[in-house]
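The values are calculated or read from the model by the stated rules, or taken from the named source; none is laboratory data. No experiment lies behind these values; they were computed from the predicted model shown. Because the Cβ atoms are built from the backbone with ideal geometry, glycine has one as well, and the counts that use them run over all protein chains shown. Quick note on the areas: whole protein, heavy atoms, side chains included, nothing else; ligands and nucleic acids left out. Shrake-Rupley method; radii C 1.70, N 1.55, O 1.52, S 1.80 Å.
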Amino acid sequence: MEKGNLIIGQSGGPTSVINSSLYGAIVEAKKHDEIDKVYGMLYGITGLINDQIIDLSDYSIDELELLKQTPSSILGSCRYKLTGSHNSGDYQGIKKTLTKYNIKYILYLGGNDSMDTVMKLTKFFNDTKIDCRVLGIPKTIDNDLISTDNAPGYGSAAKFIANAVSAIKADTSVYDKGRVTIVEVMGRDSGWLTAASKLASLNGSGPDLIYLPEVPFSKAKFLNDVVHAYGKNRKTLICVSEGLKNKDGEYLSIEHKNDRNNDAFGHNQLGKTAEYLAKITANELSVPVRSIEINLLQRCFSNVSSLYDINEAVLVSEYGVKKIIDGETGSMVTVIRDNGVVSCSLTKIESIANKIKEFPKEWIVDGHDVSDSFIKYAKPLIEGEYQIKYENGVIKYFKLHS
């Protein structure tokens, strides 16, 4: 392939470390003569369609270093699903932008739905003989991408959840009056994030009960579990996934039928699961109850980012740049952990896109706890702290040139 330019897009929900992957891609690309300029597509694939492109080539290393402590998606994001034939406006817009900027390489950073975009771009390029390669770079706090040991973004979110739950436990232990506190954690279809609350147990501050979407929710069992836990510890802490479902597969969330909040991939905006459970607990058991929804903080709270997670986010994008130059396309970079050694590989995108890696059922204990096997898996992912630079008492973020 002749010398060309690399473009990078960020898609789906933001994380604390997706910009670390951007950092790794830009810095690695600068080392290769095959790449002339590095561009960014604003707002994910829509930026490529609509020619919303910025040049990322001229930032200094000192500027780029700030990406490691800057949360969210600095290029902007989207939840946009490519549709229509290859002659449609979306694909023709992409073709026009690729030609205009001489783009030969695309790295697309995202989760399950973003890998659908990588898959469709791959097919478009193959079918129309467009001289462009594309690789997916994994990103998701949900940790539900298959074929990879873990996904960058999860470690930092897990670290935040463990520390938040630990702080909530300390707060709710202050008074002598009994109370049940129900904490809602993100997780639409998999329980990886809620399971991370168990990591607070490493310092004796974990929840008493944990409920994941992989186990159909039973109201009777839940109330019985609460009675038992409250009898042992009147300051009872419970962590639940927002995506809890009943035996019929329906979300418990009282807002799950609001179709106006559906995204382009048909996902409902969830929430209020803890509030719902608090109401039935108060009504059925007549005990003081409080619900807490952590909400967006768990995605982008870079103050407690995992150094392991940052380094892995850099690693996968560096690997992606090297492999795309070597001729690879139509795959996602995957993470391999073997006896503490981390390496990368590639998996064809068709086997990953639109699939979900559930939390292992063998790691779920009695329907309301997780085993030590999860602790062994997750503990390394939250280790280490990045030396954050502050300015005026506030974290200093990377800024795009105007």
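Whole-Hz ³J(HN,Hα) for each residue in the stretch 230-246, computed from phi via Karplus 6.51 cos²θ - 1.76 cosθ + 1.60 with θ = phi - 60°, x for glycine and proline: what do you get?
Per residue, the Karplus-derived 3J(HN,Hα) values read 5, x, 8, 8, 5, 10, 8, 10, 10, 10, 10, 7, 4, x, 4, 10, 7 Hz.
Please give the helix 112-128 orientation as an angle from the longest Cα principal axis of the chain, in degrees from 0 to 90, rounded to the nearest 10.
Between the helix axis and the principal axis of the chain, the angle is about 20 degrees.
Strictly greater than 14 Å: what percent of every Cα pair in the stretch 1-72 meets that? Intermediate results must be reported in sequence, preceding the final value.
Working: 1560 of 2556 pairs.
Roughly 61 percent, once rounded to a whole number.
Compute the distance in nm between two label points, each set 7 Å from the Cα along the Cα-to-Cβ direction, one at residue 36 and one at residue 60.
2.7
Starting from the Cα coordinates of the chain, work out the convex hull volume and express it per residue in Å³.
Values: hull volume 58.7 nm³, N = 402.
Hull volume over Cα atoms, normalised by residue count, gives 146 Å³.
Provide, for q = 0.10 Å⁻¹, the log10 of I(q)/I(0) from a solvent-free Debye sum over equal Cα point scatterers in the stretch 71-203.
-0.50
With a Förster radius of 25 Å, plug the Cβ-Cβ distance of residue 3 and residue 127 into 1/(1 + (r/R0)^6) and report the FRET value to the nearest 0.05. Intermediate results must be reported in sequence, preceding the final value.
Working: r = 25 Å, r/R0 = 0.99.
Between residue 3 and residue 127 the formula returns 0.50.
What number comes out for the charge environment of residue 366, summing +1 per Lys or Arg and -1 per Asp or Glu over other residues with Cβ under 11 Å away?
On the way: positive: 221; negative: 225, 369.
Summing Lys/Arg as +1 and Asp/Glu as -1 gives -1.
Tell me the relative contact order for the chain as a rounded percent, counting alpha carbon contacts under 8 Å between residues six or more apart. Provide the component values of the computation, followed by the final result.
Working: 894 pairs, mean separation 90.2, N = 402.
22 percent.
Considering Cα pairs under 8 angstrom that are at least six residues apart, work out the relative contact order of the stretch 106-229 and quote it in whole percent.
Details: 141 pairs, mean separation 23.8, N = 124.
Dividing the mean separation by the residue count of the stretch 106-229 yields 19 percent.
Just round it to a whole percent: the fraction of Cα-Cα distances in the stretch 1-131 exceeding 17 Å.
Numbers: 4802 of 8515 pairs.
Every Cα pair in the stretch 1-131 considered, those over 17 Å come to 56 percent.
Amide H of residue 334: which non-local residues (sequence gap of 5 or more, or other chain) have their own amide H closer than 5 Å, using H built in the peptide plane?
Sorted by chain and number, the residues that satisfy this are 345, 346, 347.
Beta carbons within 10 angstrom, averaged per residue: use that to sort the peptides 154-160, 277-283, highest first. It would help to have the intermediate numbers written out before the result.
Values: 154-160: 29.0, 277-283: 17.4.
Taking the mean over residues of other Cβ atoms within 10 Å, the ranking is 154-160, 277-283.
Assign unit charges at the C-beta atoms only (+1 for Lys and Arg, -1 for Asp and Glu), then state the dipole size of the stretch 64-208 relative to its Cα centre in Debye, rounded to the nearest 20. If you can, show how the numbers build up before the last one.
Values: 18 positive and 14 negative charges, 119 e Å.
Charge dipole, the stretch 64-208, about its Cα centre: 580 debye, nearest 20.
Would you mind computing, in nm to one decimal, how far apart the modelled labels at residue 175 and residue 342 are, each placed 7 Å from Cα along Cα→Cβ?
4.2
Could you sort 3, 247 by accessible area so the largest value comes first, with the probe set to 1.4 Å? Can you show the working numbers first?
On the way: 3 115, 247 165 Å².
The residues order as 247, 3, largest area first.
Quick one: pull the percentage of alpha-carbon pairs in the stretch 111-171 with a separation above 15 Å. Let's see the in-between values first.
Details: 1136 of 1830 pairs.
Here the long-distance tail beyond 15 Å is 62 percent of all Cα pairs in the stretch 111-171.
Report the accessible area of residue 386, computed with a 1.4 Å probe over the heavy atoms of all protein chains in place, in Å² rounded to the nearest 10.
Here the residue's solvent-accessible area equals roughly 40 Å².
Among 281, 329, 101, which residue has its Cα furthest toward the positive end of the charge dipole of the chain, with +1 on Lys/Arg Cβ and -1 on Asp/Glu Cβ?
Result: 281, furthest along the dipole toward the positive end.
Can you pick out the pairs among 120/379; 232/279; 37/123; 37/95; 81/279 whose Cα atoms lie more than 27 Å from each other? Before the final figure, lay out the partial values.
Working: 120/379 36 Å; 232/279 22 Å; 37/123 25 Å; 37/95 18 Å; 81/279 37 Å.
Violating the 27 Å limit, Cα to Cα: 120/379; 81/279.
Kindly express, to the nearest 10 degrees and within the range 0 to 90, the angle between helix 18-29's C-alpha long axis and the longest C-alpha principal axis of the chain.
For helix 18-29, the angle is close to 30 degrees.
Please turn the phi angles of the stretch 208-215 into ³J(HN,Hα) values with the Karplus equation 6.51 cos²θ - 1.76 cosθ + 1.60 (θ = phi - 60°), one per residue in order, whole Hz, x for glycine and proline.
Rounded to whole hertz, the list is 7, 9, 9, 10, 10, x, 5, 10.
Could you state the angle between the C-alpha long axis of helix 154-172 and the longest principal axis of the C-alpha atoms of the chain, as a value from 0 to 90 degrees rounded to the nearest 10?
The angle comes out near 30 degrees.
Considering only protein heavy atoms and a 1.4 Å probe, what is the carbon-and-sulfur percentage of the accessible area of the chain? Don't jump to the answer; show the numbers that get you there.
Details: 8080 of 17010 Å².
Ligands and nucleic acids excluded, carbon and sulfur reach 47 percent.
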